[in-house]
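The values are calculated or read from the model by the stated rules, or taken from the named source; none is laboratory data. None of these values were measured; they are calculated from a predicted model. FYI the Cβ positions are ideal-geometry reconstructions off the backbone, even for glycines, and counts take in every protein chain you see.
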Ligand code: KIV
Ligand code: ZN
C-alpha cells in the first residue's frame with residue numbers, strides 16, 4: 001500500500017497573487033468546482049482578511065465545494081484568523097493556514113520581532129485557529145532561509161499548540177533540490193513530535209526549481225505538496241500541479257507515494273485557469289503545453305508509430321488530451337451539444353446559460369465547419385468570461401477594414417452602462433484601430449502592457465484566444481476573449497479587461513507586514 005501524498009492547490013490564493021490574476025467570486029467558484037473534479041485534497045481559496053470580496057469568495061467556495069477541504073490563509077493576528085475561521089464555517093471540511101516569518105532577515109526587517117516573540121505569536125495563532133477548526137496548518141514563512149535550530153524550535157512548539165500540517169515554504173525560491181531535501185530530512189528527524197503532523201513543501205520557482213525542490217521534499221518525508229495549475233503564482237510562480245503529479249505517477253519506481261488526482265481532468269483545469277486569469281500557457285510547457293505530446297521530427301514520429309513508448313513516457317489521453325476528433329458541426333442539435341459538453345465535464349447551471357452557449361455554437365458553426373472539443377471548451381469559457389458581475393462595458397458590434405498601403409480602420413459600438421455609443425478610429429493595424437476606437441469612448445487612462453493571441457486548434461478558421469493586460473495606477477488586470485475572428489476576440493479581451501479595471505476594490509497582500 002503506497003502512502004498518500006496530499007495535493008494542496010493554491011491557485012486561488014498564491015496563484016492569484018500574480019500581478020493581474022485577480023479573480024472574481026464567480027470565477028473562483030468555477031475554478032474550485034473544477035479543482036474538486038480534479039480531486040485535489042485541499043483548495044486554498046484565498047486570504048479572507050484581504051477585503052470583503054476575498055472573504056466572500058472563500059465563503060462561496062466553502063459552500064460550493066463538498067469533497068475537497070477548503071482552506072483560508074491568515075497572518076498570525078486576531079482579525080485574520082477570525083475572518084478565516086468565519087469564511088470556512090460552511091465547509092464540509094475547513095482548514096485555517098496561519099503563518100509568520102522565521103528567517104533572520106524577515107524577523108528583523110519586516111516583522112521587527114525577536115525570535116522569542118515569533119515563537120510566542122505562532123503558538124498563540126495556532127491555538128486561536130483551533131477555536132474554529134481542528135485542521136490547522138502552520139507555515140514558518142521564508143523557512144528556506146531560516147536557521148535550522150530556530151526552525152526546529154518553532155515547529156516543535158507549533159505542533160504542541162495543535163498544528164496538524166507543517167508547511168515549509170521556500171518563499172523566495174532560493175533553495176536547491178539537495179538542500180531542500182536535506183532540510184526535510186533534518187526537520188523530521190530532529191523534531192521530537194514530528195510524527196504528529198504532516199510535513200508539506202511550498203516552493204517558488206525563481207530559479208526554475210520549484211518542482212524539483214518539491215519532489216526532493218517528498219523523497220525526504222514530505223506528504224503534502226502545495227502547488228498551482230500552470231505554475232501560476234508570485235513572480236516566477238509556484239510548483240506546477242500538473243508536473244509534480246505526473247512526475248509522481250510516471251516515476252512510481254522512485255516515489256513510494258500516490259495522489260488521488262484524476263489526471264484526465266488536468267488539461268481542462270489548466271485551460272480554465274489560463275482562460276480566467278489571462279495567463280496563457282506556453283506551447284512547450286510540460287504536460288499542458290500545445291506541443292507537450294506533439295512529435296515533429298521524422299525520427300521521433302517513426303519511433304512513436306512503431307511503438308509509442310520509444311519516445312513517449314506518458315499517454316496524452318491520461319492528462320486529458322483528446323484525439324482532436326471532429327465532434328460537431330452546423331447540423332448538430334442542442335441535445336448533442338449539451339451531451340458532448342457534459343462528456344467534457346461542462347455543466348450548465350441554468351437553461352439560459354445553455355441557450356446562450358448554444359446560440360454562440362451555432363454562430364461559430366456557420367463560420368467554421370469542423371468543431372473540435374477544444375473549440376467547445378473555449379466557447380463555453382468565453383461565454384462565462386464575458387458575463388461579468390457589475391458589467392459596465394459590452395461589445396455590441398465591430399466593423400473593420402484593412403487595405404494595402406492604407407491605415408486600417410475600425411468602427412466600434414459599445415454598450416456602456418445601458419446606453420450605446422459608437423466611435424471610429426484608424427491605427428497601425430485593425431487591432432490597434434479597434435483598441436483606439438474603444439478608448440475614444442471609454443477614456444480609461446489605462447496602459448496596454450501585453451497583447452497576445454493563440455490558436456485553440458489548428459487551421460485559419462480556428463478559434464483564437466486573446467489576452468489583453470492593462471495597467472492603471474499600479475493595478476494590473478488581464479482580459480480574455482475568444483472568437484474565430486481574432487479582431488473580435490481582441491476587442492472582447494480589451495472590454496473584459498476594462499470591466500475588471502473599473503472594479504474599485506483594493507486588497508491587502510498577505511505577505512506585507514501587519
Ligand atoms: O511563499 C510563501 O511563503 C507563502 C506563505 C504565505 C505560505 O505563500
Ligand atoms: Zn508562496
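Couple of notes before you dig in:
- Test result for residue 144, assigned by TED's automatic domain parsing to the domain that holds residue 59, part of a helix (DSSP H, G or I) and under 18 Å from residue 226 (Cα atoms): yes
- Strands (runs of 3 or more DSSP E) contained in the range 432-514 and holding at least 3 residues without any contact (Cβ under 8 Å) to a residue 40 or more places away in the chain and surrounded by fewer than 20 Cβ atoms within 10 Å (Cβ to Cβ): 447-455
- Number of the exception - residue 375 against (1) over 32 Å from the mean Cα position of the chain (by Cα); (2) not in a strand (DSSP E or B): (1)
- Positions within the range 131-146 being over 15 Å from residue 96 (Cβ atoms) and either more than 11 Å from ligand 2 (Cβ to nearest atom) or without any contact (Cβ under 8 Å) to a residue 60 or more places away in the chain (or both), in sequence order: 140, 142, 143, 144, 145, 146
- When residues of the range 4-29 are limited to those that are within 13 Å of ligand 2 (Cβ to nearest atom) and in a strand (DSSP E or B), the one farthest from residue 221 (Cα to Cα): 9
- Condition check for residue 239: farther than 21 Å from residue 146 by Cα and either more than 16 Å from ligand 2 (Cβ to nearest atom) or surrounded by 21 or more Cβ atoms within 10 Å (Cβ to Cβ) (or both): no
- Figure legend. Inter-residue proximity from the range 309-328: first residues under 13 Å from residue 292 (Cβ atoms), second residues modelled with pLDDT under 75 and buried (at least 16 other Cβ atoms within 10 Å of the Cβ), beta-carbon distance below 7 Å, spacing 6+ or different chains. Indicated pairs: 311/295; 311/303.
- Of all residues in the range 334-346, none satisfies being modelled with pLDDT of 85 or more and in contact with a strand residue (DSSP E or B) (Cβ under 6 Å, 6 or more places away or on another chain).
- Residue count for the range 136-146, restricted to those that are over 20 Å from residue 221 (Cβ atoms) and either more than 14 Å from ligand 1 (Cβ to nearest atom) or out of contact with any strand residue (DSSP E or B) (no Cβ under 6 Å at 6 or more places or on another chain) (or both): 1
- Any chance residue 206 is out of contact with any strand residue (DSSP E or B) (no Cβ under 6 Å at 6 or more places or on another chain), within 16 Å of ligand 2 (Cβ to nearest atom) and in contact (Cβ under 8 Å) with a residue 24 or more places away in the chain: yes
- Put simply, of 82, 32, 91, 49 the only residue that is away from ligand 1 (no atom under 16 Å from the Cβ), assigned to a helix (DSSP H, G or I), in the same structural domain as residue 145 (by TED's automatic domain parsing) and in contact with a strand residue (DSSP E or B) (Cβ under 8 Å, 6 or more places away or on another chain) is 32.
- Considering residues of the range 11-29 that are in contact with a strand residue (DSSP E or B) (Cβ under 8 Å, 6 or more places away or on another chain) and more than 16 Å from ligand 1 (Cβ to nearest atom) only, the residue farthest from residue 95 (Cα to Cα): 20
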